[in-house]
Amino acid sequence: MNRSEILSSLKTNPQVSVLIVGAGINGIGTFRDLALNGVDVLLVDRGDFCSGASAASSHMAHGGIRYLENGEFRLVREAVKERNRMIQNAPHIVKPLPTTIPMFKYLSGILNAPLKFLGWLDKPSERGSVIIKLGLMMYDAYTGSQRTVPRHKFYSRTESLSKWNKLNPEIVNTAVYYDGLISNPERLALEIMLDAEAENENARALNYVSLVGGSGKNVILRDELTDETVELEPKLVINAAGPWIDFANHSLGVTTKFIGGTKGSHLILDHPELRAAIGNNEFFFENKDGRIVLIFPMQDRVLIGTSDIKIDHPDEANCTDEEVDYFLELTARVFPTIKVTREHVVFAFSGVRPLANSVAKSTGQYSRDHHIEVLSGDWTNLLFPVYSLVGGKWTSFRAFSEEVADKALQFLGITRSKTTSDLPVGGGRNYPRTSEDRAKYINGLAAWTGLSRERLETLFERYGTLVETIADFMKLETDAPLSSLPN
């Protein structure tokens, strides 16, 4: 069904088992999991799909090595496992990313790290080679036998300067470990959502539809394109609005303070010299003020980030002049001879992490873990429970979605029949894993479509095995009608 047909059907049949509010990655992941298990589920978002916090990511699938010093071992273990799954299940979008850590001291941080873990120290302190080596050994151990990515390597000063000739000569060591590059987070989210709709005809997703009210057994939605309203009768509402969770709950007549979000901003630079200096490596390092920052390869551009600033209203998030200055200056920490100015900036963006409200002294100590807050009972004036999804991040979205879906299925009295653990996403299905298999695959497409290998390589890199559908339309001599094109 198209958008108008879905809205029309909701007016005539307002009952729905699960309403998910917010189509970021947590909402979309939960939508897929419920759809796979036969639930009639409606997903709505007031804007574009994956246009809020999930669109403002650092494009990393990472285990969160720096969370180790906060004692969030369960989160790191889960995230490392989920990073590996993302690389396996969506290989066309998520790929292993070599990440370089430059170090400027040997022993610094040995005493400060345990003090921070115990909560006795909140001021950032520089991590030296010894403490980083111990952290990387633990990080590798969490991968265990699941060798999706290589183990880390340590390099001396001489070896490091030989590999990266623009690197600051004051370094004492570098380390290279592997996380994941999410080349196009929004496309990954969209493919997950489309997979869900293809699996279950009663799984429907609508954008530009907002939650505006609710009481008793009813929820009121508004079509942002026509200003018309629709009243639904859900059995369960899942609030996946990210940093807007408390605002969405307020629309339902419930006052909460679940979110204590922090703003993260990024810059995109057109800087060929810096791009050449980092090669295919992300540089992940500690700035002079103790903030962990990154310089990241994004196709032929460079991404720099990120900040971590407390913010009360997510709609007010923007990249300030102070943040721009900070990002431009941080490159000198590792590449002092490369000049970076505002003229190199081609784009800036900000988003708000939906972190749990915290009394921690610094934003770096806010927990990055996730959990479900349940609203139910007479005091809510609602005849259905509301599950608010607090926290979460791109890397662990699947595990969080599974946790939410398990709770929802239990509430609905439905037994789980399918899992997403090893489920390929979109163009990751039947993906050729070796260079030999890939060459055979591209050659077969070239023979079938008559398109050039070069063009097919580009499409394959972008869409994975969905290239078959794309190429099928590209070989047509005349334009196909829009109604016949794939989603």
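The values are calculated or read from the model by the stated rules, or taken from the named source; none is laboratory data. Here the structure is a predicted model, which means the values were calculated and not measured. When we count neighbours, we look across all protein chains shown, and the Cβ atoms used for this are built from the backbone with ideal geometry, even at glycine. Protein only, heavy atoms only, side chains kept; ligands, DNA and RNA dropped before computing areas. Shrake-Rupley method; radii C 1.70, N 1.55, O 1.52, S 1.80 Å.
Screening GLU323, GLU273 for residues that are of a type outside the set (Ser, Thr, Tyr), assigned to a helix (DSSP H, G or I) and either open to solvent by less than 30 Å² (accessible area, probe 1.4 Å) or on the phi > 0 side of the Ramachandran plot (or both) leaves exactly one candidate, GLU323. In the range 348-365, is there at least one residue being at pLDDT 95 or above and either assigned to a helix (DSSP H, G or I) or hydroxyl-bearing (Ser, Thr, Tyr) (or both)? Yes: one or more hits. For beta carbons closer than 7 Å, sequence separation of 6+ or different chains, a first residue in the range 334-347 that is of a type outside the set (A, V, I, L, M, F, W, C) and a second that is open to solvent by less than 60 Å² (accessible area, probe 1.4 Å) and assigned to a strand (DSSP E or B), the qualifying pairs are HIS344/LEU269. For the range 423-452, a tally of residues being at pLDDT below 95, assigned to a helix (DSSP H, G or I) and surrounded by 14 or more Cβ atoms within 10 Å (Cβ to Cβ) returns 3. No other residue among LEU167, LEU232 is under 27 Å from GLY38 (Cα atoms) and either touching a helix residue (DSSP H, G or I) at 6+ places or on another chain (Cβ under 8 Å) or among the aromatic types (Phe, Trp, Tyr) (or both) apart from LEU232. The set of residues in the range 453-481 being open to solvent by less than 50 Å² (accessible area, probe 1.4 Å) and either out of contact with any Phe, Trp or Tyr (no Cβ under 9 Å at 6 or more places or on another chain) or modelled with pLDDT of 90 or more (or both) consists of LEU456, LEU459, PHE460, TYR463, GLY464, THR465, VAL467.
Cβ separations smaller than 8 Å between residues 6+ apart or across chains give the following pairs from the range 163-191 residues that are free of Cβ contacts under 8 Å to residues at least 60 places away in the same chain to residues that are crowded, with 21+ Cβ neighbours inside 10 Å and part of a strand (DSSP E or B): LYS163/THR174.
Of the residues making up the range 398-420, those that are open to solvent by 10 Å² or more (accessible area, probe 1.4 Å) and assigned to a loop (DSSP other than H, G, I, E, B) are GLY413, ILE414, THR415, ARG416, SER417, LYS418, THR419. Taking the range 1-113 as the region of interest, the strands (runs of 3 or more DSSP E) fully inside it that hold 2 or more residues being open to solvent by 30 Å² or more (accessible area, probe 1.4 Å) and touching a residue at least 12 places away in the same chain (Cβ under 8 Å) are 94-103. Within the option set PHE397, PHE349, being touching a strand residue (DSSP E or B) at 6+ places or on another chain (Cβ under 6 Å) and among the aromatic types (Phe, Trp, Tyr) holds for one residue only, PHE349.
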